[in-house]
Amino acid sequence: MPLPVPLLKRKADSYKGDYGYVCVLGGSLGLSGAVCLASSAALKSGAGLVNVAVPASLVNIFEVKLTEVISVPLNESPLGFLSVKAYPKVLEISSYVDVFAIGCGASVSPGTKK
């Protein structure tokens, strides 16, 4: 099925960073698929660079599954959920990305809600 609006062609002398930087922030044990789907969608929609910022124990999953995405390990709770201690790193990431997709597969644990 063709797209209703054709995507713009990229210039030959451009850099991937010229097309936007997205960070997908989320993930938790058993819910890694949501982050994978969101990051793949960001790439397919034209983002030049995509990060997945996820609990550190899940980084290996994303390194294998998404070779074109940059994975960033974040502090986590003992149960594999994002921890409030990840906030400084998220703040650092916010200084260089254009867009965040927040909450994909992040669970509803009390620590993650903070």
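The values are calculated or read from the model by the stated rules, or taken from the named source; none is laboratory data. It should be emphasised that the depicted structure is a prediction, and the values quoted were computed from it without experimental measurement. Ideal geometry is used to build each Cβ from the backbone, glycine not excepted, and the neighbour counts take in all protein chains shown. The protein model used for the area step is the full one, side chains on, heavy atoms only, and it has no ligands, DNA or RNA in it. Shrake-Rupley method; radii C 1.70, N 1.55, O 1.52, S 1.80 Å.
Leu29 meets all of the listed conditions (1) closer than 21 Å to Pro78 by Cα; (2) part of a helix (DSSP H, G or I); (3) more than 13 Å from the chain's Cα centre (by Cα) but one, namely (2).
Filter region 31-62 down to residues that are of a type in the set (A, V, I, L, M), touching a residue at least 60 places away in the same chain (Cβ under 8 Å) and out of contact with any Ser or Thr (no Cβ under 8 Å at 6 or more places or on another chain) and give me whichever is least open to solvent (accessible area, probe 1.4 Å). Here the answer is Val35. Scanning region 32-72 for residues that are part of a loop (DSSP other than H, G, I, E, B) and within 24 Å of Leu91 (Cβ to Cβ) yields Ala47, Gly48, Leu66, Val69.
Among residues of region 5-26 being open to solvent by less than 100 Å² (accessible area, probe 1.4 Å) and assigned to a loop (DSSP other than H, G, I, E, B), the one that is farthest from Ala101 (Cα to Cα) is Ser14. Consider region 63-74 and keep the residues that are under 20 Å from Ala86 (Cα atoms) and aliphatic (A, V, I, L, M). The one that is most open to solvent (accessible area, probe 1.4 Å) is Ile70. Counting the residues of region 35-48 that are over 10 Å from the mean Cα position of the chain (by Cα) and under 18 Å from Ala106 (Cα atoms) gives 1. Checked against the criterion of being among the hydrophobic types (A, V, I, L, M, F, W, C), at pLDDT 90 or above and in a loop (DSSP other than H, G, I, E, B), region 73-92 has no qualifying residue.
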